[in-house]
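Peer 1: Take this structure first; my questions come after.
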Amino acid sequence: MPRHLLGMLTPSSNTMLEPVTTRILAGLPDASAHFSRFRVTQIALSDQALAQFQRAEIMRAATLLDDAKCQTIAWNGTSAGWLGFDEDTALCRDIEAATTARACTSVLALNEVLALTGARTLGLVTPYTPDVQARIVTNYAAIGIDVVAESHWGLRDNFSFSEVAPATIAASVRNVAVAKPDAIAIFCTNLAGAPLVAALEAELGLPVYDTVATAVWKSLLLCGADAARVTGWGRLFSYAA
């Protein structure tokens, strides 16, 4: 059986996406995730915070994953939400030009599944500050997706996102579900959201997409792996792009 080696670009202060990704892949003996970090410590719209996502550092981390012969390299982060989706499109193009891997991102994968399922309205759950949240809402409006309900907690320290209690995340998902959006996004890769998705979907009757999970889903598809073998993590993994 061929191995599927999934590379993940990881914010340096993120402590959630690695264990969650590993758990998602636990039932697939042919698939494994491999991680490379670059420095990200705060999420804000200041020049200093935005500079964390300069392409050179991200590409340095990506080329290290190429040394491990990863077939895919995913930016497992949500910065395109406030920087603009074109940033992720350009990043994927650069990664594919500089490595032997196929490239994807959490946000582009989320957008792909929203398009695949015809979602036009979105419930948005993040830990971010009001100005970052507003930028995300604006960027989704620009691609024809209306954020009809949102929840954010005003945090900017990236490490602190991983300490948000699962009960708090679930309560926010339930709150935005009241608006009956076509889909709900848990939009941050340092939240303990993915393990909650299956139960929340069963309770609410709505699709819930976590951005750690979207990176794994798209990476598996790019490798030619059957993502439907991932069970217990929500309806996302039943979709074939």
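The values are calculated or read from the model by the stated rules, or taken from the named source; none is laboratory data. Every value quoted in this text rests on a predicted model; they were computed, and no experiment measured them. Glycine also receives a Cβ, built like all others from the backbone with ideal geometry; neighbour counts cover every protein chain displayed.
Peer 1: Collect the residues in segment 176-213 that are in a strand (DSSP E or B), touching a residue at least 40 places away in the same chain (Cβ under 8 Å) and β-branched (Val, Ile, Thr), keeping them in residue-number order.
Peer 2: Result: Ile184, Ile186.
Peer 1: Considering only residues that are in contact (Cβ under 8 Å) with a residue 24 or more places away in the chain and surrounded by fewer than 24 Cβ atoms within 10 Å (Cβ to Cβ), which ones fall in segment 62-71?
Peer 2: Across segment 62-71, the qualifying residues are Thr63, Leu64, Leu65, Asp66, Ala68, Lys69, Gln71.
Peer 1: Can you confirm whether Leu83 is in contact with a strand residue (DSSP E or B) (Cβ under 8 Å, 6 or more places away or on another chain) and at pLDDT 95 or above?
Peer 2: For Leu83, the condition - in contact with a strand residue (DSSP E or B) (Cβ under 8 Å, 6 or more places away or on another chain) and at pLDDT 95 or above - is not met.
Peer 1: For segment 23-40, give me each residue that is under 26 Å from Arg135 (Cβ atoms) and exposed (fewer than 15 other Cβ atoms within 10 Å of the Cβ).
Peer 2: Arg39
Peer 1: Residue check, Asn111 against (1) more than 15 Å from Gly7 (Cα to Cα); (2) assigned to a loop (DSSP other than H, G, I, E, B), all met but one. Which one?
Peer 2: (2)
Peer 1: What pairs can you find where one residue is in segment 147-175 and free of Cβ contacts under 8 Å to residues at least 40 places away in the same chain and of a type in the set (Val, Ile, Thr), the other is part of a strand (DSSP E or B) and surrounded by fewer than 20 Cβ atoms within 10 Å (Cβ to Cβ), and their Cβ atoms are less than 6 Å apart, with a gap of 6+ or different chains?
Peer 2: Val148/Thr121
Peer 1: Here is a further query. Give the residue, chosen from Ala97, Ala51, Ala56, that is within 22 Å of Tyr128 (Cβ to Cβ), outside the structural domain of Ile136 (by TED's automatic domain parsing) and loosely packed, with under 15 Cβ neighbours inside 10 Å.
Peer 2: Ala51
Peer 1: On to the next question. Quick test for you: out of Ala171, Ala177, pick the one residue that is within 21 Å of Leu116 (Cα to Cα) and not assigned by TED's automatic domain parsing to the domain that holds Ala26.
Peer 2: One residue alone meets the criteria, Ala177.
Peer 1: Is it the case that some residue within segment 150-158 is out of contact with any helix residue (DSSP H, G or I) (no Cβ under 6 Å at 6 or more places or on another chain), of a type outside the set (A, V, I, L, M, F, W, C), assigned to a helix (DSSP H, G or I) and farther than 16 Å from Gly234 by Cα?
Peer 2: yes
Peer 1: Follow-up. Name the pairs: first residue in segment 24-42 and without any contact (Cβ under 8 Å) to a residue 40 or more places away in the chain, second residue of a type in the set (Lys, Arg), Cβ to Cβ under 9 Å, at least 6 apart or on different chains?
Peer 2: Within 9 Å, the pairs are Ser32/Arg3; Ser36/Arg60; Phe38/Arg60.
Peer 1: Six or more apart or on different chains, Cβ atoms under 9 Å: show the pairs whose first residue is in segment 3-14 and within 22 Å of Asp226 (Cα to Cα) and whose second is surrounded by fewer than 20 Cβ atoms within 10 Å (Cβ to Cβ) and of a type in the set (Gly, Ala, Ser).
Peer 2: Arg3/Ser32; His4/Ser32; His4/Gly224; Leu5/Ser32; Leu5/Ala68; Leu6/Ser32; Gly7/Ala68
Peer 1: Which residues, taken from segment 119-152, are under 18 Å from Leu191 (Cα atoms), of a type in the set (A, V, I, L, M, F, W, C) and touching a Lys or Arg at 6+ places or on another chain (Cβ under 9 Å)?
Peer 2: Val132
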